[in-house]
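Below is one structure, written out as structure tokens; comments come after it.
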Amino acid sequence: MRIDIVTCQPELLESPFAHSIVKRAQEKGLAEIHLHQLRQHAINKHGQIDDYVFGGGAGMVLRVEPIAACFDELLAQRAYNAVIYMTPDGETLRQPLANRLSLAGNLLILCGHYKGVDERIRKAYITHEISIGDYVLSGGELGAAVLVDTIVRLLPGVLGNEESALSDSFQDNLLAPPVYTRPAEWRGQEVPAILLSGNTPKIEEWRHEQALERTRQRRPDLLEEKL
Ligand code: ADE
């Protein structure tokens, strides 16, 4: 999968992709991530990419020309299966959307800034508008980092054990059950005996019950959706 991200603050995205699972995915050749500085397509030598809001009001809006120039260059080189705009008024990111996008192929992601982006860009290019939650970030970069992480870890071969993404919270609309490792006893707290029994079917049954119970307690809305 190739992911291109257009941003005026690429530095914000360097670290999240240079570590851990996303780094490994790139090293294995399973994901290719390219950052593009929007200012390289600025409208003047001052590096201008934004302007005042028509109609008045506070804040700046990203202008159409730099984004169109950057997008047109990328779109001339390859097809993208989704052109995504990170914005608080987009569809809230949840696991099923990440699952779908992990199968999509090439992704082009635009990070908004300031008051957002000229509406005409959304109309002309964007196929998916995504929010990472009901709060406002200073820009789309942290949202893009979250989105890319959720997608890349799902790509086949990225996780050491192919099973582990399937047992994540939210797959199947259930939260994950509790997990333990050694020591079997710590400050009077013991690991549930069933987990030490070696009885795999019973352990799986216990985990499912625990996942259900945890979901009932913390996120009953997920169980309602499941019906
Ligand atoms: N940009 C600003 N706030 C955002 C959010 N909640 N999700 C995605 N992009 C954003």
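Quick notes on this structure:
- Checklist (1) assigned by TED's automatic domain parsing to the domain that holds HIS34; (2) over 22 Å from ASP50 (Cα atoms); (3) hydrophobic (A, V, I, L, M, F, W, C) applied to ALA184, failing item: (1)
- Residues being assigned to a loop (DSSP other than H, G, I, E, B), among the hydroxyl-bearing types (Ser, Thr, Tyr) and at pLDDT 95 or above - total across the stretch 147-180: 1
- Cβ-Cβ under 8 Å pairs, at least 6 apart or on other chains, the stretch 48-60 side within 15 Å of GLY112 (Cα to Cα), far side acidic (Asp, Glu) and in a strand (DSSP E or B): MET60/ASP50; MET60/ASP51
- In the stretch 117-146, residue farthest from the ligand (Cβ to nearest atom) [restricted to those that are part of a helix (DSSP H, G or I) and under 14 Å from LEU12 (Cα atoms)]: ALA145
- Residues of the stretch 73-94 satisfying the condition of being within 22 Å of PHE170 (Cα to Cα) and not small (Gly, Ala, Ser): MET86, PRO88, GLU91, THR92, LEU93, ARG94
- Test result for ASP50, surrounded by 15 or more Cβ atoms within 10 Å (Cβ to Cβ), of a type in the set (Asp, Glu) and either in the same structural domain as THR127 (by TED's automatic domain parsing) or within 27 Å of LEU101 (Cβ to Cβ) (or both): yes
- Checklist (1) surrounded by 20 or more Cβ atoms within 10 Å (Cβ to Cβ); (2) of a type outside the set (Asp, Glu); (3) more than 16 Å from the ligand (Cβ to nearest atom); (4) over 15 Å from the mean Cα position of the chain (by Cα) applied to LEU38, failing item: (3)
- Scanning the stretch 74-116 for residues that are within 11 Å of the ligand (Cβ to nearest atom) and either surrounded by 16 or more Cβ atoms within 10 Å (Cβ to Cβ) or in a loop (DSSP other than H, G, I, E, B) (or both) yields a count of 15.
The values are calculated or read from the model by the stated rules, or taken from the named source; none is laboratory data. Worth saying up front: this structure is predicted, and the values here are computed from it rather than measured. Don't worry about glycine lacking a Cβ; one is built from the backbone with ideal geometry, like all the others, and counts go over all protein chains shown.
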